[in-house]
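S.K.: Dumping the structure here so I can ask a few things about it.
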Amino acid sequence: MTEKRTHFAPVIVWFRFDLRLHDHAGIRAALESGRPILPLYIWDENPATRPLGAASKWWLNRSLEALNQDLQKHGSRLILERGNARIILTSMAKEYGIKTIYCSQTFDPKNEHNDWEMADELAAAGIKLYRLNNTLLVPPGTLYTQGGKPFRVFTPFYKSLLASGACYIDTLPDLPAKPWPQPTKWPKSLKISALGFQPALTPSGRDWSSNFDRFKPGEAGARSALKHFLKNSLQTYESDRDRPDLDVTSHLSPHLRFGEISPQRILHEIAQATQTDHRLTTGAAKFHAELAWREFSYGLLAQQPRLHVANFRRDFDHFEWRHDDAQFRAWCRGETGYELVDAGMRELWQTGYMHNRVRMVAASFLVKHLLIDWRRGEQWFWDCLLDADPANNPASWQWVAGCGADAAPYFRVFNPITQAAKFDPKGLYRSRYIQGYTHSPTDAGHTKKQAELFESTDTFLKYPQPVVDHVFARDRALQAYKNRMADEEYE
């Protein structure tokens, strides 16, 4: 009787940040086992890693709904639990005779350590936890410099990644069309609404997430976004990717963040598209590099598990940041008086997204114009971005601040005025998010127009004066960074 129960015992596919059915090593292994499958998601209210921000919870809520709908098409369903993963997995395994659990690696060092301990505990109880890569092209610890050390500079890392062949995907297996093997008894499940992911309300009572609808969470939404990108944007991606007034970005970042699409799938589809249309080759090469930055960032996270709070370059630990809550609040609200920065911050608050070029300008403004600690800005992005990623977000902030690996040189201070003129020449992006904005094509016009907006009697059209003069702020930042270098030499 025991032998029969073991043979028909279900296997668990434990979903984490891998909310898809295709290109999923755990699902493939579970199907090949021929055993009943229990698809499980656990919401851990006390995670080993950084808690999700508000915007990410909004996305997770809808992504779980989409995943459950996709499972139902295969005669299955998503089981939802809330609590400690170790306790829940051990309890389910005992109740249903489970000996095998498949899950994805998150490549967050704190989670990885927790997983190793969990795997040992489960193994002691006769349960095998298979941790598989469903997230990256090349896991951290795979590629090294010629000196045998982890990469800290992007360009040689990218060359090594290309040489590894990981960026070239010929074929991908598909899911069988037949229904999945079902257990004789389904465990009880929470409803998604019981997980508490309802959108936050503003002080006025308005649904903060009401304008997040430019995205469609879920695997189907990810596939649709990729298809649109290949058809409409890849050809001009290399030349126009920095233009926030043009819709040429892939919008795949939140889908990648929640594992609704694999980087292998993206590269496979790009390869097929370029074989059909060689005009896409240049754009494809540039997009490969953007995907590689994500891989590079996870390598940095592996080297510095506290990447969101600890300077990668420890010589920045004594940098003298300014503490100015009023200016930080103005930056968060998009009320700095610099149009491109303000448009980006308002886009972030309204849509849960910000164009990548504008992210760099806005981050540079906070860190260098205002000399406010990069960690405050990183935390705001973490809470507001739908694609807030534990590696990309802090790695990019540290790059701008100059304290990260392969960081921007200290003397690079983005000029928000010239950046606006170069990348939003007709003011289309700014007019989208700044009410009452009318474009002036010159820097002189920029100053005059800001004064006109500020003096408007209509409170909705009133535009703030600059919180700091650009020339003054640039000189102050350069001096602060030079002082840090001098202090380093003295020490």
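S.K.: Mind counting the residues in the range 420-439 that are surrounded by fewer than 21 Cβ atoms within 10 Å (Cβ to Cβ) and either under 30 Å from LEU301 (Cβ atoms) or acidic (Asp, Glu) (or both)?
M.R.: The number of residues fulfilling the criteria is 1.
S.K.: Across the range 6-49, what is the total count of residues that are under 27 Å from ILE266 (Cα atoms) and of a type in the set (D, E, K, R)?
M.R.: The total comes to 6.
S.K.: Looking at this structure, is ASN133 among the polar types (S, T, N, Q), under 28 Å from ASP389 (Cβ atoms) and at pLDDT 95 or above?
M.R.: Numbers: among the polar types (S, T, N, Q): yes; under 28 Å from ASP389 (Cβ atoms): yes; at pLDDT 95 or above: yes.
Against the criterion (among the polar types (S, T, N, Q), under 28 Å from ASP389 (Cβ atoms) and at pLDDT 95 or above), ASN133 qualifies.
S.K.: Is it the case, given these coordinates, that SER239 is touching a Phe, Trp or Tyr at 6+ places or on another chain (Cβ under 6 Å) and of a type in the set (Ser, Thr, Tyr)? Quick ask: steps written out before the conclusion?
M.R.: Values: touching a Phe, Trp or Tyr at 6+ places or on another chain (Cβ under 6 Å): no; of a type in the set (Ser, Thr, Tyr): yes.
It is false that SER239 is touching a Phe, Trp or Tyr at 6+ places or on another chain (Cβ under 6 Å) and of a type in the set (Ser, Thr, Tyr).
S.K.: If you don't mind, there's one more thing I want to ask. Going through the range 235-252 one residue at a time, which ones are outside any helix (DSSP H, G or I) and either at negative phi or in contact with an Asp or Glu (Cβ under 8 Å, 6 or more places away or on another chain) (or both)? Lay out the reasoning, then the answer.
M.R.: Step one: of the range 235-252, the residues outside any helix (DSSP H, G or I) are 241-252.
Selection gives ARG241, ASP242, ARG243, PRO244, ASP245, LEU246, ASP247, VAL248, THR249, SER250, LEU252.
S.K.: Taking HIS255 as the residue in question, decide whether it is modelled with pLDDT of 95 or more, part of a helix (DSSP H, G or I), surrounded by fewer than 20 Cβ atoms within 10 Å (Cβ to Cβ) and not basic (Lys, Arg). Lay out the reasoning, then the answer.
M.R.: Numbers: modelled with pLDDT of 95 or more: yes; part of a helix (DSSP H, G or I): yes; surrounded by fewer than 20 Cβ atoms within 10 Å (Cβ to Cβ): no; not basic (Lys, Arg): yes.
So HIS255 fails the test.
S.K.: State which residue is surrounded by the fewest Cβ atoms within 10 Å (Cβ to Cβ) when the search covers only the range 161-177 and only residues that are part of a helix (DSSP H, G or I) and more than 23 Å from the chain's Cα centre (by Cα). Before you say what the answer is, go through the steps one by one.
M.R.: Start the filter on the range 161-177 by keeping residues that are part of a helix (DSSP H, G or I), which leaves 161-164.
Then drop every residue that is not more than 23 Å from the chain's Cα centre (by Cα), which leaves 163-164.
Values: ALA163: 10, SER164: 13.
My answer is ALA163.
S.K.: Among the residues of the range 203-233, write down those that are buried (at least 20 other Cβ atoms within 10 Å of the Cβ) and modelled with pLDDT under 85.
M.R.: Residue satisfying the conditions is SER209 alone.
The values are calculated or read from the model by the stated rules, or taken from the named source; none is laboratory data. Keep in mind the model is a prediction, meaning the values are calculated, not measured. Quick reminder, even Gly has a Cβ in these numbers, built from the backbone with ideal geometry, and neighbours come from all protein chains shown.
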